[in-house]
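Some notes on the structure that comes next.
Laboratory data are not the source of any read-out in this text; all were calculated from the coordinates shown. A quick note: this is a predicted structure, and the numbers were derived from the prediction, not measured. Don't worry about glycine lacking a Cβ; one is built from the backbone with ideal geometry, like all the others, and counts go over all protein chains shown.
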Amino acid sequence: SASIDIAVIAGDGIGPEVTAEAVKVLKEATASDGVELKITDYELGAAHWLATGETLTDATIDALRGHDAILFGAVGAAPGDTSIPSGLIERELLLKLRFSLDHYVNLRPSRLYRGVASPLADPGAIDFVVVREGTEGPYVGNGGVLRKGTPQEIATEVSVNTAFGVERVVRDGFRRANERPRKKLTYVHKHNVLVHAGHLWKRTVEAVAAEFPDVAVDYLHVDAATIFLVTDPARFDVIVTDNLFGDIITDLAAAVTGGIGLAASGNINMDRTAPSMFEPVHGSAPDIAGQQKADPTAAILSAALLLEHLGHGAAAARIEAAVAADIAGRNPASARPTSAIGDAIAAAL
Ligand code: NAD
Ligand code: IPM
Ligand code: MN
């Protein structure tokens with residue numbers, strides 16, 4: 001019978017709390033299919049850095065390469081925590097993993113579940129997926145500082161966009177759009193101002209569109225995209241966009257679909273040359289960490305994306321159905337602890 005070998009990086013803050021529930025649900029979902037689940041925990045994140053001075057060594061990356069997939073919780077220190085340089089763990093662990101393992105498709109589905117209170121008065125049927133580029137853009141650390149600390153300081157953060165990198169993620173967006181009933185792709189950029197990268201994206205979308213005659217394509221500048229994500233989010237089907245725009249609009253997408261506690265994601269290497277990594281969109285939430293207040297649903301839905309990626313679509317669908325049923329029955333007046341939500345979803349399986 002089949003087996004699945006997963007590396008778990010629980011991380012900091014609420015990361016370990018929500019990941020424990022995702023693992024609980026994964027165990028239940030695989031056991032009922034007779035799939036053997038092997039879990040290996042990796043102690044990485046802020047505590048590991050404070051204890052060892054290490055963020056992510058090459059040896060650890062090599063070890064991670066040996067697993068089928070990675071389940072990631074969250075990392076990052078609380079604002080004002082001066083024991084860790086700001087953003088160090090995020091860049092040297094999370095982004096380093098995305099880059100090293102070539103997670104070029106950062107897949108972030110947004111769906112308004114029945115029973116969820118959207119902050120929008122009339123949200124409509126929201127069901128879209130953001131294909132966020134994951135290995136390039138302003139995230140690559142290509143910049144520098146001149147005359148630091150002087151009134152003449154100049155700081156640059158140069159966005160890197162390669163024809164290869166843009167084309168592969170754009171093509172992934174078209175493939176996904178082509179498989180969905182509405183077959184609609186919106187690409188989001190800011191090519192009225194960011195002419196160099198923006199026009200590479202524009203030309204690439206136009207070229208790849210020729211391969212997908214059934215997909216309807218439209219374009220929005222990112223600022224206008226934030227308008228429609230609030231006024232008419234149901235219009236979207238597949239959105240393809242660059243790394244930073246995708247980061248920003250997926251927090252907004254999470255907010256309009258009931259909150260960051262529900263938003264799942266996959267950092268996917270579509271060529272399968274390295275394991276993909278699945279994680280909630282949210283961060284370590286230091287404001288609620290250690291109190292069993294975090295919603296583990298985003299982590300659980302990320303585990304479902306993991307199973308789907310590994311070819312266990314039926315188990316993934318069962319998790320999604322159990323989550324949808326759990327959400328539909330939630331009572332906003334009596335919030336359950338993190339582990340109770342995981343228990344309920346696992347029991348429904
Ligand atoms: P955050 O997502 O951690 O928190 C934003 C708000 O959402 C907070 O009020 C938090 O309590 C709430 N929240 C988040 N997840 C929740 C959940 N599962 N259930 C209920 N409420 C939840 O974002 P932030 O405050 O900007 O960042 C905190 C730290 O996390 C920073 O160090 C940041 O760099 C890091 N971060 C890490 C990741 C990641 O590991 N993927 C993602 C985003 C931010
Ligand atoms: C996310 C996070 C990360 C990002 C940070 C923590 C590096 O915000 O996963 O959305 O910007 O990609
Ligand atoms: Mn983000």
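Available extension along the chain between His196 and Ala2 is 65.1 nm, counting 0.36 nm per residue and deducting the alpha carbon span.
Can you tell me the equivalent ellipsoid semi-axes for the chain? Use √(5λ) from the Cα gyration tensor, largest first, whole Å. If you can, show how the numbers build up before the last one.
Values: eigenvalues 174, 138, 88 Å².
Largest first, the chain gives 30, 26, 21 Å.
Here the Karplus curve 6.51 cos²θ - 1.76 cosθ + 1.60, taken at θ = phi - 60°, turns the phi angles of segment 155-161 into couplings of 10, 10, 9, 8, 6, 9, 10 Hz, with x standing for Gly and Pro.
Cross-link check: pairs Lys24/Lys96; Lys184/Lys293; Lys24/Lys183; Lys27/Lys96 evaluated at a Cα-Cα cut-off of 32 Å; pairs beyond the cut-off: Lys184/Lys293; Lys24/Lys183. Per DSSP H run of n ≥ 4, the term is -39500 (n - 2.57); total these for the chain, divide by its residue number, and report the mean residue ellipticity at 222 nm rounded to 500 deg cm²/dmol. Computed mean residue ellipticity for the chain: -12000 deg cm²/dmol.
Within the chain, antiparallel bridges make up roughly 40 percent of the DSSP beta bridges whose residues both belong there. If the reach is capped at under 15 angstrom between alpha carbons, list the aspartates and glutamates near Lys38, excluding any in the same chain fewer than eight residues apart. Cross-link targets: Asp5, Glu28, Asp68. Computed over segment 192-273, the Cα gyration tensor eigenvalues convert (square root of 5λ each) into semi-axes of 23, 18, 14 Å, ordered from largest to smallest.
Full extension of the chain between Ala63 and Ile288 gives 77.8 nm of extra length, using 0.36 nm per residue less the Cα-Cα distance. The Rg/Rh ratio of segment 118-257, with Rg taken over Cα atoms and Rh as the Kirkwood radius over Cα pairs, comes to 1.04. Between amide H atoms placed 1.01 Å from N, distances below 5 Å from Gly283 occur with no residue 5 or more places distant or on a separate chain. Extension gain, Leu146 to Arg182, is 8.0 nm, computed as 0.36 nm per intervening residue step minus the present C-alpha separation. The distance separating the Cα centre of segment 40-88 from that of segment 1-21 comes to 13 Å.
Taking amide H as placed 1.01 Å from N in the peptide plane, the amide H of Thr186 sits under 5 Å from that of Asp218, Asp237, Val238, Ile239, Val240, each at least 5 places away or on another chain. By the Stokes-Einstein formula, at 0.890 mPa s and 25 °C, segment 219-349 with its Kirkwood radius over alpha-carbon pairs has D equal to 151 µm²/s. This model, with +1 at the C-beta of Lys and Arg and -1 at the C-beta of Asp and Glu, gives the chain a dipole about its Cα centre of some 660 debye.
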